[in-house]
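*Asks:* Just dropping this structure here.
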Amino acid sequence: DSGASYYISTNPEFHFDATYIDGQDAANNPSNGGSVSSWVNRSGSLTSYTATQATGSAQPSFTVAGDGLKPCVTFDGGDYLDLANVYSPTNFTQVTVSKSNLSEGSSVLAWNGAWQNSTWIKYTSNSGDYVVGGNRGNLSAPENFSMHAVTRSGSTVNLYENGGSALWNGTSSTTMYAGRIGRNQLGYHNGNISEIMMFSSAL
């Protein structure tokens, strides 16, 4: 990106950026409020991870400028997108830029499979929860646009918020999967997602 102020020397396995819904050109984005049936991975990976949804009632929508004035894909609590291929790494770094629009209930940020095989964020009863491989902790403000990074090296897992110190360190031997955006077996995401990046190592 010619406007980038930093560069990453390790390519992400997949990268979903709401600025480029088709993965290449912002001019091809849906109109504000338009349905998103396909969100294209722009990492250049040889494996296809493009996320799609053929059912119109389950398609999220495109928001030109969210609270942070950054384009985002908006999920209403019943929307989700399936990745073309499930990703199941031993070591990884997952970075998300998102917010939740719920003050109660469970709003799942990402990934399919059983909840203990996922990394997800919810906003419940005015307190934030995150779950990583079956371990639970608290976030400070998931109702605001925030960047969360989860790293896993072997069984060692760390979670960071907005570039600060680790909110949580722990261990998990659970096989974890990334294959769906916006839903898992426990619930749905109700909120906005601007960006998702997944690297195949603990950066």
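*Asks:* Are there any chymotrypsin sites (Phe, Trp or Tyr not before Pro) in the range 1-45 that are in a DSSP loop and have at most 12 other Cβ atoms within 10 Å? List them by number.
*Replies:* Values: sites: Tyr6, Tyr7, Phe14, Phe16, Tyr20, Trp39; in loops: Tyr6, Tyr7, Tyr20.
Answer by residue number: Tyr6, Tyr7.
*Asks:* Quick one: which residues, 5+ away or cross-chain, put their amide H under 5 Å from the amide H of Ser43? H built at 1.01 Å from N.
*Replies:* Residues meeting the amide H criterion: His15.
*Asks:* Of all the accessible heavy-atom surface of the range 51-106, with the other protein chains kept in place and a 1.4 Å probe, what percent is carbon and sulfur? Present the calculation step by step, with values, prior to reporting the outcome.
*Replies:* On the way: 1150 of 2350 Å².
C and S atoms contribute 49 percent here.
The values are calculated or read from the model by the stated rules, or taken from the named source; none is laboratory data. Everything numeric in this text was worked out from a predicted model, so none of it was measured. A quick note on method: Cβ atoms are made from the backbone with ideal geometry, for glycine too, and the neighbour counts reach across all protein chains shown. Keep in mind that these areas ignore ligands, DNA and RNA; they rest on the heavy atoms of the full protein, side chains included. Shrake-Rupley method; radii C 1.70, N 1.55, O 1.52, S 1.80 Å.
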